[in-house]
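The values are calculated or read from the model by the stated rules, or taken from the named source; none is laboratory data. Quantities reported herein were computed from a predicted structural model and do not represent experimental measurements. Please note: Cβ atoms are built from the backbone with ideal geometry, for glycine as well, and neighbour counts cover all protein chains shown.
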Amino acid sequence: MTKATQLAHLLIRSHLLSQPDSHLLAIDATVGNGFDTVFLAECVGAKGTVYGFDIQDMQEASEKAMRQGFAERITFFQAGHEAILSHLPHDTHGGVQAIMFNLGYLPRGDKNIVTMPQTTISALEQSLALLAPGGILSITCYPGHTVGNEETVAVSSWASALPKEEYRVLRCHCINQNGMPPELIVVTKFDS
């Protein structure tokens with residue numbers, strides 16, 4: 001287990017596969033190249049649905065989903081994650097089992113297009129309204145660049161302030177690596 005993204009996948013897969021409902025809902029709030037989107041589509045199964053958000057072109061992600069046979073399980077929205085609530089059907093609110101954020105910039109993409117602290121915090125707040133009781137929210141942060149560091153601080157501060165009676169928050173990061181390696185913040189919502 002060397003990467004924050006691998007740990008996020010492990011936790012989310014375990015959570016989704018343990019659900020008794022076969023009509024699972026999941027969200028990839030930062031589609032990028034589609035790795036997390038396809039991963040979520042695999043985990044939710046044939047009757048599940050994944051909603052994917054990104055401001056950039058998602059053609060590569062869409063093609064990846066088609067090659068894997070998951071295209072019918074995924075609905076893409078070319079929109080920033082800060083508009084997540086306005087794009088999803090009202091009946092999904094409070095029913096999403098897993099939400100993934102992989103912040104920063106798109107690998108092999110324009111490094112000037114990055115997620116920003118203000119829009120990310122707005123998206124995270126909206127995600128709490130979407131999350132089902134017992135649901136899981138993973139946030140992979142990249143403090144190794146200026147905006148990424150600001151965003152990591154903002155996300156950590158946001159997560160630390162969540163009410164302990166409603167949420168459990170886990171923060172993981174490597175402590176023996178050079179530089180500022182990615183961090184994973186995981187929020188789980190208590191069952192009511």
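A few comments on the model shown:
- G32 vs. criteria out of contact with any Pro (no Cβ under 6 Å at 6 or more places or on another chain), touching a residue at least 24 places away in the same chain (Cβ under 8 Å) and on the phi > 0 side of the Ramachandran plot: yes
- Condition met for V50 (more than 27 Å from T152 (Cα to Cα), buried (at least 22 other Cβ atoms within 10 Å of the Cβ) and of a type in the set (V, I, T)): no
- Put simply, of G94, G109, G69 the only residue that is touching a residue at least 60 places away in the same chain (Cβ under 8 Å) and not hydrophobic (A, V, I, L, M, F, W, C) is G109.
- Of the candidates I113, I136, the single residue that is of a type in the set (V, I, T) and touching a Phe, Trp or Tyr at 6+ places or on another chain (Cβ under 8 Å) is I113.
- Residues located in segment 174-183, provided they are of a type outside the set (A, V, I, L, M, F, W, C) and surrounded by 16 or more Cβ atoms within 10 Å (Cβ to Cβ): P181, P182, E183
- Of the candidates L7, L40, the single residue that is part of a helix (DSSP H, G or I), crowded, with 16+ Cβ neighbours inside 10 Å and in contact with a Cys (Cβ under 7 Å, 6 or more places away or on another chain) is L7.
- Helices (runs of 4 or more DSSP H) lying entirely in segment 59-168 (those with 3 or more residues that are crowded, with 16+ Cβ neighbours inside 10 Å and either touching a Lys or Arg at 6+ places or on another chain (Cβ under 6 Å) or hydroxyl-bearing (S, T, Y) (or both)): 117-130
- Residue that is nearest to the chain's Cα centre (by Cα), among those in segment 1-40 that are among the small types (G, A, S) and under 25 Å from R171 (Cα atoms): A29
- Exactly one residue among F70, F76 is modelled with pLDDT of 95 or more, aromatic (F, W, Y) and within 15 Å of the chain's Cα centre (by Cα), and that residue is F76.
- Only residues that are out of contact with any Asp or Glu (no Cβ under 9 Å at 6 or more places or on another chain) and assigned to a loop (DSSP other than H, G, I, E, B) were counted in segment 49-58, giving 3.
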